[in-house]
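Each reported figure results from applying straightforward, stated rules to the coordinates on display, with no laboratory input. From a predicted model like this one, the values you see are computed outputs, not experimental measurements. Note that we place each Cβ from the backbone using ideal geometry, even for glycine, and neighbour counts take in every protein chain shown.
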Amino acid sequence: MTDFPILTWTDPAAGTTHTARWRSEAGNPPPKRVTIADDRTTADAAYRQACEGIALLWRGDFQNARQLLQAMSRRADRKPRKAATSPLDAFNLHRQAQSQRARTLGMLLIPLQADYSIDLRRAPDVHEACSEAYGEGEEPSVVSLRELLGLIGAHEWRKKGVEIPALDGERIHPHYGVFSPVRGEYVDLVAKAPLPSQALAFDIGTGTGVLAALLAKRGVKRIVATDQDLRALACARENLSRLGLQSQVELREADLFPEGRAPLVICNPPWLPARPSSPIERAVYDPDSRMLRGFLDGLAAHLEPNGEGWLIMSDFAEHLGLRSRDALLAMIEAAGLRVAGRDDIKPKHPKASDASDPLYQARVAEVTSLWRLKVK
């Protein structure tokens with residue numbers, strides 16, 4: 001019995017039925033209806049079938065498939081937006097539109113051989129990109145072209161890395177499925193905040209390891225960095241080794257805190273209390289503020305006397321109506337903590353200046369803060 005989903009389709013020309021492993025990092029089930037598509041398939045026909053829930057297994061030129069996906073994307077983007085009545089309504093409509101768009105564009109499928117080669121004209125070599133995301137191949141599989149292009153893009157990001165000015169221009173190389181530190185304002189906050197101690201720090205939910213690396217660069221002698229995602233731990237380990245900081249940072253698989261106490265405990269949890277629709281979104285969406293609450297509720301038990309907990313949070317959720325400032329302060333109060341100080345910074349990412357973005361009003365008002373928390 002297999003432990004992964006199976007995609008089934010019929011080749012009408014040969015009258016044969018085929019099966020292959022179905023791959024979806026978002027956990028989407030395999031399409032129930034599949035038709036064969038090739039270079040003769042028009043964008044209008046492909047988009048219509050995708051909207052009806054019919055997947056198109058591509059048998060033509062690979063580059064033509066990319067062009068077809070772009071044409072389908074343009075058709076999806078032409079769909080009129082519903083008018084929002086509030087920031088929260090705008091957020092919900094935006095998420096709904098994103099989900100529908102992803103579902104439709106995910107209906108163009110590419111077959112992969114067991115070694116991740118693609119038996120299509122002008123197909124690129126995706127072996128390394130697929131191996132980084134999926135592990136070594138074992139059997140033929142099928143994946144959406146949209147996901148495959150995401151893997152290729154992530155592979156390029158991993159090779160190139162993201163320059164971090166606070167690390168003296170060093171680069172952090174994100175792995176597939178690990179959130180990239182492209183928004184550098186939160187890193188700048190950690191780079192400038194006064195350290196309560198240089199002896200020991202806990203980095204909760206380390207991700208790429210960027211904040212652990214920064215603390216090490218700032219002279220913290222020992223950092224224990226945790227994450228429950230094995231991809232994140234592998235990514236952090238590689239980055240810290242590349243930076244020559246592996247002797248200062250101990251990585252542990254854990255849901256939130258390691259054992260013991262530290263004079264500094266730092267956490268940059270997901271900022272929006274909503275349900276993620278894919279693994280990569282877990283760095284942005286925190287259902288019911290689970291990680292935020294867990295960090296606050298457990299902080300007092302893991303701080304040394306006079307120690308500080310650094311909570312790095314955007315107030316984007318507040319401007320969207322997803323969580324109020326009073327609710328955040330109530331969580332801090334209920335956890336037996338007090339606010340010793342707060343450092344703020346305005347985001348500089350492109351969406352903050354894009355007036356066509358459906359969430360522009362919330363983005364332009366957004367502030368990212370480093371809350372310095374102490375036990376009452």
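Have a look at P87, L69, A102 and report the one farthest towards the positive end of the charge dipole of the range 61-108, computed about the Cα centre with Cβ charges (Lys/Arg +1, Asp/Glu -1).
P87
Among E366, E52, E281, which one moves the most in a GNM of the chain with springs linking Cα atoms closer than 10 Å?
E52
Pull up all non-local amide H partners of D39: gap of 5 or more, or a different chain, and H-to-H distance under 5 Å with H placed in the peptide plane.
Placed amide hydrogens put G60, D61 under 5 Å from D39.
With a bin width of 20 angstrom, please list the P(r) values of the chain as percents of all Cα-Cα pairs, from the 0 bin to the one holding the largest distance.
Calculated over all Cα pairs of the chain, the distribution is 26, 51, 22, 1 percent.
Would you pull out the residues with amide H under 5 Å of R342's amide H, same chain only if 5 or more places away, H placed 1.01 Å from N?
Sorted by chain and number, the residues that satisfy this are R372.
In whole Hz and in residue order, list the ³J(HN,Hα) couplings for the range 268-278 that follow from phi through the Karplus curve 6.51 cos²θ - 1.76 cosθ + 1.60, θ = phi - 60°; x for Gly and Pro.
Karplus values, whole Hz, x for Gly and Pro: 10, x, x, 8, 10, x, 8, 7, x, 9, 7.
Normalised by the number of residues in the chain, what is the relative contact order in percent for Cα pairs under 8 Å and 6+ residues apart?
Values: 716 pairs, mean separation 45.4, N = 376.
So the answer I get is 12 percent.
Could you give me D for the range 6-156, from Stokes-Einstein at 4 °C and 1.567 mPa s, where the hydrodynamic radius is the Kirkwood radius over C-alpha pairs? Units µm² s⁻¹, please. Don't skip to the end; give the middle numbers.
Values: Rh = 16.3 Å.
Translational D for this selection: 79 µm²/s.
Pairs of alpha-carbon atoms within less than 8 angstrom and 6+ residues apart define the contacts here; what relative contact order does the range 1-92 have, in percent?
Values: 88 pairs, mean separation 18.7, N = 92.
After rounding, I find 20 percent.
According to a simple spin-label model (label point 7 Å from Cα along Cα-to-Cβ), what is the distance in nm between R275 and I54?
3.0 nm
Any idea which of I332, Q361, M313 is furthest toward the positive side of the dipole for the chain, if Lys and Arg beta-carbons carry +1 and Asp and Glu beta-carbons -1?
Q361
Under a 5 Å amide H to amide H cut-off, with H placed in plane at 1.01 Å, what residues pair with V34 once short-range neighbours are removed?
For V34, whose amide H was placed from the backbone, the distant partners under 5 Å are A55.
Of K160/K348; K192/K374; K32/K82, which pairs sit farther than 23 Å apart, going by alpha carbon to alpha carbon? Could the numbers behind the result be given before it?
Working: K160/K348 21 Å; K192/K374 19 Å; K32/K82 29 Å.
K32/K82, as the Cα separations exceed 23 Å there.
Taking the Cα centre of the chain as origin, work out the dipole magnitude from +1 charges on Lys and Arg Cβ and -1 charges on Asp and Glu Cβ, in debye rounded to 20. Intermediate results must be reported in sequence, preceding the final value.
Working: 50 positive and 48 negative charges, 195 e Å.
With Lys and Arg at +1 and Asp and Glu at -1, about 940 debye.
Taking the Cα centre of the range 257-376 as origin and charging only Cβ (+1 Lys, Arg; -1 Asp, Glu), how large is the dipole, in debye to the nearest 20? Present the calculation step by step, with values, prior to reporting the outcome.
On the way: 16 positive and 16 negative charges, 21 e Å.
Magnitude of the dipole: close to 100 debye.
Take every Cα pair under 8 Å in the range 35-132 that's 6+ residues apart, average their separations, divide by the length, and report that relative contact order as a whole percent. Each step should come with its number before you reach the end.
On the way: 94 pairs, mean separation 32.4, N = 98.
The normalised contact order for the range 35-132 reaches 33 percent.
Find out how many positive minus negative residues lie around A340, taking Lys and Arg as positive, Asp and Glu as negative, among other residues whose Cβ is under 12 Å from that of A340. Spell out each step's value before the answer.
Details: positive: R338, R342, R372, K374, K376; negative: E308, D343.
Taking every other residue near A340 into account, the sum is +3.
What percentage of all Cα-Cα pairs in the range 263-340 are separated by more than 16 Å? Could you put the intermediate results ahead of the total?
Details: 1498 of 3003 pairs.
Counting pairs separated by more than 16 Å, the tail of P(r) holds 50 percent.
Going by how many other Cβ atoms sit within 10 Å of their own, how do Y134, Y116 line up, fewest first?
Numbers: Y134 18, Y116 22.
The order, fewest Cβ neighbours first, is Y134, Y116.
With +1 assigned to the C-beta of every Lys and Arg and -1 to the C-beta of every Asp and Glu, and no other charges, what is the dipole magnitude of the range 6-156 about the Cα centre in debye, to the nearest 20? Can you show the working numbers first?
Details: 20 positive and 19 negative charges, 226 e Å.
That gives a dipole near 1080 debye.
Using only the C-alpha atoms of the range 164-375, find the volume of their convex hull and express it per residue in Å³. Could the numbers behind the result be given before it?
Values: hull volume 23.8 nm³, N = 212.
Spread over its residues, the Cα hull of the range 164-375 gives 112 Å³ apiece.
On a full-extension model of 0.36 nm per residue, what is the gain between R183 and T8, subtracting their alpha-carbon distance, rounded to one decimal in nm?
Values: separation 175, 0.36 × 175 = 63.00 nm, distance 4.12 nm.
Full-extension gain reported as 58.9 nm.
Report, please, the projected area of the range 8-63 averaged over directions, based on the convex hull of its C-alpha atoms, in nm².
Numbers: hull surface 18.5 nm².
Seen from a random direction, the Cα hull of the range 8-63 projects 4.6 nm² on average.
Determine, for V210, V375, the number of other Cβ atoms within 10 Å of each Cβ, and report the residues in order from fewest to most.
Numbers: V210 30, V375 17.
So the ranking, lowest neighbour count to highest, is V375, V210.
Using the Kirkwood radius built from alpha carbon pairs, what does the Stokes-Einstein equation give as D for the range 137-244 at 25 °C and 0.890 mPa s, in µm² per second?
Working: Rh = 14.9 Å.
In µm²/s, the coefficient is 164.
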